[in-house]
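Comments concern the structure below.
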Amino acid sequence: MVWEPGEEAWENKLAALRSYRRATGHLAPRQDAVWGEGETMVPVGQHMANLRRKGGLGKDAERAGVRAQQLTAVDEDWNCPWPLDWQRHYRILADLVDTEAGGVLPAIEPGVLFDGDDLGKWLQRQKHPGTWAQLSSEQQERLTALGIKPAPTPTGAPAATRATKGSSKAQAAFLRGLAALTQWVEREGQRPVPRGHSEQIAVDGETEPVTVKLGVWISNTRARRDKLTAEQLGALRELGVEWA
């Protein structure tokens, strides 16, 4: 027998993640989440953030492959291409679906909290046409399976405001910025975004996350707010942007 401290540490970490998954139904904790009791508290949120980074499973390719399989056995969505905050909200809602009633999701209004997450507000945001268009096809399919559909685009809205894959570069850039801001608000609340801050978001059709310079985007968007459409301003107001 060869005792490897690194392997023992990994097994302890994996055991904590298994326990967290059994208790919550997902492996998508907040980054500041901890799990366990007393001296055995484990920072599962930071662990998951580290494991999902490039090279987070270690430099040894064979060992990294084994660890990835072990994590997949715990939760096949542990390394989903979208943010863990989105995955956590989705999994909580999926667990609320009443299968006996034919898979119907109960009515959830903004202000309905679960472990600190405002499920109603998040659900309302996903239904917004601009947010929905920014979701990947798989995200849209998962929400649709829960009976969640995008709200109709307001009648008479300019064609340029309709969020489609064929939209203009300016509209596509706005939607990416909006998705990045949504991600920030879900994770950080209404805390101001630092000027130099960037967010990585999942974009349909892209194999790697896309980096959005969120602080710069907010500053530029504010400077040209007179040119924004009513729908764009409405989307920003929903995220708590006061100047919108």
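The values are calculated or read from the model by the stated rules, or taken from the named source; none is laboratory data. Predicted, not measured: the structure shown is a model, and the values here were computed from it. Cβ sites come from the backbone with ideal geometry, for glycine too, and all protein chains shown count toward neighbours. We work out accessible area using only protein heavy atoms, side chains counted, and drop any ligands, DNA or RNA first. Shrake-Rupley method; radii C 1.70, N 1.55, O 1.52, S 1.80 Å.
If you scan the range 82-94, which residues turn out to be at pLDDT 90 or above and open to solvent by 30 Å² or more (accessible area, probe 1.4 Å)? Arg91, the sole residue that qualifies.
Filtering the range 4-56 to residues that are under 21 Å from the mean Cα position of the chain (by Cα), among the aliphatic types (A, V, I, L, M) and surrounded by 18 or more Cβ atoms within 10 Å (Cβ to Cβ) leaves Leu17, Leu27, Ala28, Ala33, Val44, Met48, Leu51.
With respect to Val185, is the statement that it is open to solvent by less than 40 Å² (accessible area, probe 1.4 Å), at pLDDT 85 or above and β-branched (Val, Ile, Thr) true? Spelling it out, it is not the case that Val185 is open to solvent by less than 40 Å² (accessible area, probe 1.4 Å), at pLDDT 85 or above and β-branched (Val, Ile, Thr). Pairing residues of the range 40-69 that are touching a residue at least 24 places away in the same chain (Cβ under 8 Å) with residues that are small (Gly, Ala, Ser), at Cβ distances under 8 Å and at least 6 apart in sequence or on separate chains, gives Val42/Ala16; Val42/Gly36; Val44/Ala16; Val44/Ala33; His47/Ala16; Met48/Ala28; Arg67/Gly58. State whether the residues of the range 123-141 include one that is of a type in the set (Phe, Trp, Tyr) and outside any helix (DSSP H, G or I). For the range 123-141, residues of a type in the set (Phe, Trp, Tyr) and outside any helix (DSSP H, G or I): absent.
Quick test for you: out of Gly177, Gly196, pick the one residue that is modelled with pLDDT of 80 or more and open to solvent by 60 Å² or more (accessible area, probe 1.4 Å). Give the derivation first.
On the way: Gly177 fails: open to solvent by 60 Å² or more (accessible area, probe 1.4 Å).
Unique residue meeting the criteria: Gly196.
All conditions but one from (1) buried (at least 16 other Cβ atoms within 10 Å of the Cβ); (2) modelled with pLDDT of 80 or more apply to Ser167; the one that does not is (2).
Condition first: more than 21 Å from Ile148 (Cβ to Cβ), out of contact with any Cys (no Cβ under 9 Å at 6 or more places or on another chain) and small (Gly, Ala, Ser). Can you find one or more residues in the range 76-96 that meet it? The answer is no, given that none of the residues of the range 76-96 is more than 21 Å from Ile148 (Cβ to Cβ), out of contact with any Cys (no Cβ under 9 Å at 6 or more places or on another chain) and small (Gly, Ala, Ser).
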